[in-house]
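Worksheet for the structure shown next.
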Amino acid sequence: MKHEIAFITGASRGIGRAIATEFAQAGFSLAINCRNSVRELEQLAGELTERCHVPCIALAGDIGSEDFVRNAFHTIEETLGTVSVLVNNAGISHIGLLTDMSLDEWDHIIQTNLTSLFCCCRQAIPPMVRRHSGRIINISSVWGSAGASCEVAYSASKGGVNSFTRALAKELAPSNISVNAIACGVIDTQMNQCFSARELVQLAEEIPAGRFGTPKEVASLALSLVSAPSYLTGQIITLDGGWQ
């Protein structure tokens, strides 16, 4: 994997950080992104470069911005080379009644969780098509299929990610480019800090596996999709401990 280059969005913490670590340990050259936790992102890039002996660059900015994404891919191309694996992980949540949600909040969710896929894929795909090779992995959620009360915008955005994945996979299959998504259940990340300790215990009891998933488990699955047969494409792979 030493000549492979992966771009991972939302990589400063949680699932994205675990994916970046997993890929670096596998020998990938990395470009990692986040919008707000810039210091954490830069520290991670330094740690992975030193510990895993792979180049890793930090690209801080709004992944839902067409201009930023275009410039980011230009930087990656000049610094590392052509992206062969794109992991669209950046995502934010919003909990509350739909009627209490502002249009700006709605737009922010959709831009971060869904428009970012459009922006990144549009930049990543042309070189992949020319090389007749590539992997695109989108991090989704079980709520993209089931829907969650008080998380309408988040559910809608992840439902969009799932449909985006299936449709794009059909476009790119003739070019030997696979597009798959991982629909995560409850993963032990900071996104769950909105719940009380009692609520977290009750939630874990609902899951047949009896626990939350770990970011490393998501990362391991993401890495396995890179080496999976290219015939595996257009799939929404659920990772939820048997919950949904």
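The values are calculated or read from the model by the stated rules, or taken from the named source; none is laboratory data. Quick caveat, the model's predicted, so the values are computed rather than measured. Cβ coordinates were reconstructed from backbone atoms using ideal geometry, including for glycine residues, and neighbour counts include every protein chain displayed. Note: areas computed on protein heavy atoms with side chains; ligands, DNA, RNA excluded. Shrake-Rupley method; radii C 1.70, N 1.55, O 1.52, S 1.80 Å.
Measuring nothing but protein heavy atoms, the accessible surface of the range 83-156 at 1.4 Å probe radius is 56 percent carbon and sulfur. Average accessible surface for the range 46-199: 47 Å² per residue, computed with a 1.4 Å probe over protein heavy atoms with every protein chain in place.
When +1 charges are put on Lys and Arg Cβ atoms and -1 charges on Asp and Glu Cβ atoms, the dipole computed for the chain relative to its Cα centre reaches about 720 debye.
Could you tell me which of rounded, prolate or oblate describes the range 1-84, using a ≥ b ≥ c as the square roots of the eigenvalues of the alpha-carbon gyration tensor, with rounded for a/c under 1.5 and, failing that, prolate when a/b is larger than b/c and oblate otherwise? Cα axes put the range 1-84 in the oblate bin. The C-alpha radius of gyration of the chain, expressed as a fraction of 2.2 N^0.38 Å, stands at 0.97. Against the compact-protein benchmark of 2.2 N^0.38 Å, the Cα-based radius of gyration of the range 38-79 scales to 1.26. Averaged over residues, the count of other Cβ atoms within 10 Å places the peptides 82-92, 139-149 in the sequence 82-92, 139-149, highest first. Taking Cα centre as origin and charging only the Cβ of basic (Lys, Arg, +1) and acidic (Asp, Glu, -1) residues, the dipole magnitude of the range 170-228 rounds to 120 debye. Using only the Cα atoms of the range 46-136, build the gyration tensor, take square roots of its eigenvalues as a ≥ b ≥ c, and label the shape rounded, prolate or oblate: rounded if a/c is under 1.5, else prolate if a/b is larger than b/c, else oblate. Prolate. Most tightly packed first, judged by the mean number of other beta-carbon atoms within 10 Å of their residues, the peptides 41-48, 157-164 read 157-164, 41-48.
The angle between the Cα long axis of helix 38-52 and the main principal axis of the chain comes to about 60°, on a 0 to 90 degree scale. Note on the chain: GNM, Cα springs under 10 Å; of Cys121, Cys56, Cys150, the largest mean-square fluctuation is that of Cys150.
Name the shape class, rounded, prolate or oblate, that the alpha-carbon gyration tensor gives for the range 127-244, where a ≥ b ≥ c are the square roots of its eigenvalues, rounded holds for a/c under 1.5, and otherwise prolate holds if a/b is larger than b/c and oblate otherwise. Note, shape of the range 127-244 comes out prolate.
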